[in-house]
Structures are given as C-alpha cells and as structure tokens.
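All of the numbers you see were taken from the coordinates with simple rules; none came from a lab. Nothing here was measured: the structure is a model prediction, and the numbers come from that model. For neighbour counting, all protein chains shown are included, and Cβ atoms are generated from backbone atoms with ideal geometry for every residue, glycine included.
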Amino acid sequence: MNVPEEILLRTKDLEWVDKSLEGLSHKMLWRDEETGASIALVRFQQGAGIPSRHEHASNQFMYCLRGRYTYVPTGLTLTEGSFYWNPKGSAHGPTHADEESVLLEIYDGPHYPVQPSWYTNPDDAR
Ligand SMILES: [Fe+2]
C-alpha cells in the first residue's frame, strides 16, 4: 500500500475561495473523498450567515479563531476560542456573523443530506 507523506499547509499562503452564498468564503484544508469528512477555514463577512434552519448529515465542529458568529434561534454566539459541536441531524440556524468571523470547521462525514437551497454550486455543499 502506498503511504502518503505528511503535509503542511501554511493557511496564510492560501487564497480565500468565495462560495455561492454572499459573504462566505473558505480555505479547504483537508477532505476525505470517500467519507465526505472535511476540515476547512470558513470566513463570514459581517452581516452574512446561513439563511435557513437546517441539519447536517454528520457531526459538525467549529472552533472560532476570531469574530462573533451567532446561532440566531438559540442566541449561541461563538467568539475567539469558542468550540461548538453540532450533533448529526440536529436542526440549527439561521446564523448571523455579528462581526467578520473566521472559524475552523470540521465535519466527520458528508455536510448535508441534500444540497441546501442557499448554494447554487453543488461543490459548496461538500
Ligand atoms: Fe449548519
């Protein structure tokens, strides 16, 4: 079996890639194409957010590097150093970035059961 070598990404050297939701961009750091699991930096501009209540098809974890990112119905606000865990299948959102926010986002499997309506590009839902 071919064993891959270790990999180092310097995230400051990566470009932010805009997603098909206004005000959201990301830097994909790692993805397992077989399971759909991934690790990415995501950035919401101030005032942006996920517009609808929704569920994920896997566990979602977020670590806030900077900003203020709020889950509107519950009033949960992630700030620098916050760790958020959203169990698979639990409904949440909409969300709102009270300030520009950068989060390390981890999914342990596929992101969504179906492509969410707020993405026009199916690649943005994975
Ligand atoms: Fe979500």
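Simple point charges give the picture: +1 on the Cβ of Lys and Arg, -1 on the Cβ of Asp and Glu, and for the chain a dipole about the Cα centre of about 320 debye. Here the convex hull built on the C-alpha positions of the chain has a volume of 116 cubic angstrom per residue.
For segment 15-24, the Karplus equation 6.51 cos²θ - 1.76 cosθ + 1.60, evaluated at θ = phi - 60°, returns couplings of 7, 5, 10, 5, 9, 7, 10, 3, x, 10 Hz by residue, with Gly and Pro reported as x. Peptide packing for 2-9, 54-61 was compared via the average number of neighbouring C-beta atoms within 10 Å per residue; ordered from the highest value, the list is 54-61, 2-9. Sorting 98-104, 33-39, 69-75 by average packing, meaning the other beta carbons within 10 Å per residue, from highest down gives 98-104, 69-75, 33-39. Compared with the direct C-alpha span, the chain from Gln45 to Asp18 gains 8.6 nm at full extension, assuming 0.36 nm per residue.
With a cut-off of 17 Å, note down the residues of segment 89-120 whose backbone N falls inside the zone around a label point 7 Å from the Cα of Thr11 toward its beta carbon. Answer for this model: 100-108. Starting from the amide H of Arg66, placed 1.01 Å from N in the peptide plane, find each other amide H under 5 Å away whose residue is 5 or more places distant or on another chain. Here the answer is Val102, since their amide H atoms fall under 5 Å of that of Arg66.
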